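The next block holds one structure in the form of structure tokens; read it before the comments.
The values are calculated or read from the model by the stated rules, or taken from the named source; none is laboratory data. All values derive from a computational prediction rather than experimental measurement. Glycine also receives a Cβ, built like all others from the backbone with ideal geometry; neighbour counts cover every protein chain displayed. Side chains are part of the model used for accessible areas, which takes the heavy atoms of the whole protein and leaves out ligands, DNA and RNA. Shrake-Rupley method; radii C 1.70, N 1.55, O 1.52, S 1.80 Å.
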Amino acid sequence: MSDILFIKTSSLGDVIHHMPALTEARRHRPQVRFSWVVEEAFAPLVRIHPAVSAVIPIASRRWRRTLAAPSTWRDIAGFARAVRARSYDEVIDTQGLLRSAVVARLGRRHGYDASSIREPAAAWFYDVKHRVARDLHAITRNRTLAGLALGYMPDGSTDFGLSRNAIRQTSAAPYGILFHATARAEKEWPEAAWIALGRALAARGGSLLLPWGTEAEHARSKRIAAQLANARVPERQPLDRMAALVAGASFVIGVDTGLIHLAAALGVPLVAIFTASEPGLTGPMGSGPIAVVGGKHKQPSVADVVGAFEQLT
């Protein structure tokens with residue numbers, strides 16, 4: 001059996017955008033064993049994908065903070081042993097960064113050519129370089145690179161390989177999810193707007209969940225929830241359990257963050273709020289109903305979001 005190693009380490013949205021490439025690769029190469037190098041925080045989600053035979057977590061974000069610690073170098077050595085445990089026929093780096101290109105040093109290494117990536121120096125590390133237009137959506141770029149590396153033409157609809165029914169969390173009462181948190185401040189939507197949106201949604205019944213990832217996000221979730229009679233703040237959860245929570249939701253409304261792409265991948269009705277990035281390049285795609293409001297340097301109003309939600313449902 002052939003062994004293929006994909007490298008897509010982060011961020012969450014990028015990891016989800018790579019899943020259709022893996023689903024398609026498995027369809028075209030059903031006898032291949034696929035492994036995936038991914039940042040440790042995202043490993044629980046990647047393990048859900050049925051085409052993944054092995055997940056190899058990398059902790060580059062954590063290692064950068066503690067590079068001088070002996071434990072860090074032990075972890076790095078353990079990661080290197082895990083990667084070298086198998087001999088790969090092809091290694092495909094769809095991340096296209098220097099840090100991911102350095103990992104791709106086993107087997108024949110495929111990646112984007114220098115004109116196709118944000119860090120052109122990464123192309124120096126590849127044995128086979130492929131040109132892929134930079135103005136394509138990220139999902140299309142991943143599918144195209146995988147197809148070029150493995151010798152097939154991408155075809156068919158976008159399939160993330162995730163089953164909403166298989167992973168959804170059962171609930172006695174319906175609920176929606178509001179994803180207000182994002183790692184970049186310019187992608188945020190005002191706190192007052194979330195409160196106004198929550199009040200507009202209250203008449204529809206059901207509860208609203210306000211997940212969080214950091215302490216600052218936790219505090220923001222609690223402030224918003226305190227102003228809404230039907231809102232609650234769940235405990236922080238690993239990504240596999242978060243996926244189950246998202247899969248069970250009646251709808252999701254969120255800013256441009258990785259978790260809205262998870263909702264799209266699972267086919268959950270979604271309103272995506274964009275304020276600082278271009279949805280044509282990294283916007284949510286999926287089989288369920290999706291509405292995108294706002295855009296780069298264009299912040300939507302509460303009325304815009306409510307109107308998109310009403311059309312969606």
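Remark: accessible surface ordering of 250, 87 (largest first) is 87, 250, probe radius 1.4 Å. In this simple spin-label approximation, residue 115 and residue 54 carry label points 7 Å from Cα along the Cα→Cβ vector, and these lie 3.7 nm apart. Roughly how tilted is helix 191-202, in degrees to the nearest 10 and between 0 and 90, from the longest Cα axis of the chain? Value to nearest ten degrees: 70. Modelled this way, with points 7 Å down the Cα-to-C-beta line, the labels at residue 74 and residue 310 are 6.1 nm from one another. With the cut-off at 20 Å, report for region 6-150 the share of all Cα pairs above it, as a whole percent. Summing the P(r) tail past 20 Å for region 6-150 gives 45 percent.
Dividing the mean sequence gap of close Cα pairs (under 8 Å, 6+ apart) by how many residues the chain holds gives a relative contact order of 16 percent.
In summary, the aspartates and glutamates within cross-link reach of residue 222, defined as a Cα separation below 14 angstrom excluding same-chain residues under 8 places away, comprise 191, 235. For the chain, the longest principal axis of the C-alpha atoms and the axis of helix 302-312 are separated by about 70°. Please determine, in degrees from 0 to 90 and to the nearest 10, the orientation of helix 12-28 with respect to the longest principal axis defined by the Cα atoms of the chain, where the helix direction is its Cα long axis. Result, in degrees: 60. Shape class of region 153-206 from the alpha-carbon gyration tensor: oblate, with a/c at 1.5 or above and b/c at least as large as a/b.
Think of it as helices only: each DSSP H run of n ≥ 4 in the chain is worth -39500 (n - 2.57), and spread over all residues that comes to -11000 deg cm²/dmol at 222 nm.
How big is the Rg/Rh ratio for region 1-57, C-alpha atoms only, Rh by Kirkwood, two decimals?
0.93
Using the alpha-carbon centroid of each, what span in Å lies between region 203-223 and region 94-170? Centre-to-centre distance over Cα atoms comes out at 34 Å.
Mind checking the alpha-carbon convex hull of region 19-84 and giving the volume per residue in Å³?
So the per-residue Cα hull volume is 79 Å³.
Shown for region 99-245 is the translational diffusion coefficient from the Stokes-Einstein equation, using the Kirkwood radius over Cα pairs, a temperature of 10 °C and a viscosity of 1.306 mPa s: 83 µm²/s. Averaging 1/r over every pair of different alpha carbons in the chain and inverting the result gives a Kirkwood radius of 20.4 Å. Mean sequence separation of contacting Cα pairs (under 8 Å, at least six apart), scaled by the length of region 241-301, corresponds to a relative contact order of 30 percent. Taking packing as the residue-averaged number of other Cβ atoms within 10 angstrom, the listed peptides 252-264, 8-20, 159-171 run from highest to lowest as 252-264, 8-20, 159-171.
Ligands, DNA and RNA left out, the accessible area of region 186-313 computed with a 1.4 Å probe is 50% carbon and sulfur.
Normalised by 2.2 N^0.38 Å, where N counts its residues, the alpha-carbon radius of gyration of region 165-244 equals 1.11. Counting only aspartates and glutamates at least 8 places from residue 187 when in the same chain, those with an alpha carbon closer than 17 Å to its own are 14, 217, 256, 278, 304. Between residue 216 and residue 82, what FRET efficiency comes out of the Förster formula 1/(1 + (r/R0)^6) with R0 = 30 Å and r the beta carbon distance, rounded to 0.05? In this case the efficiency is close to 0.35.
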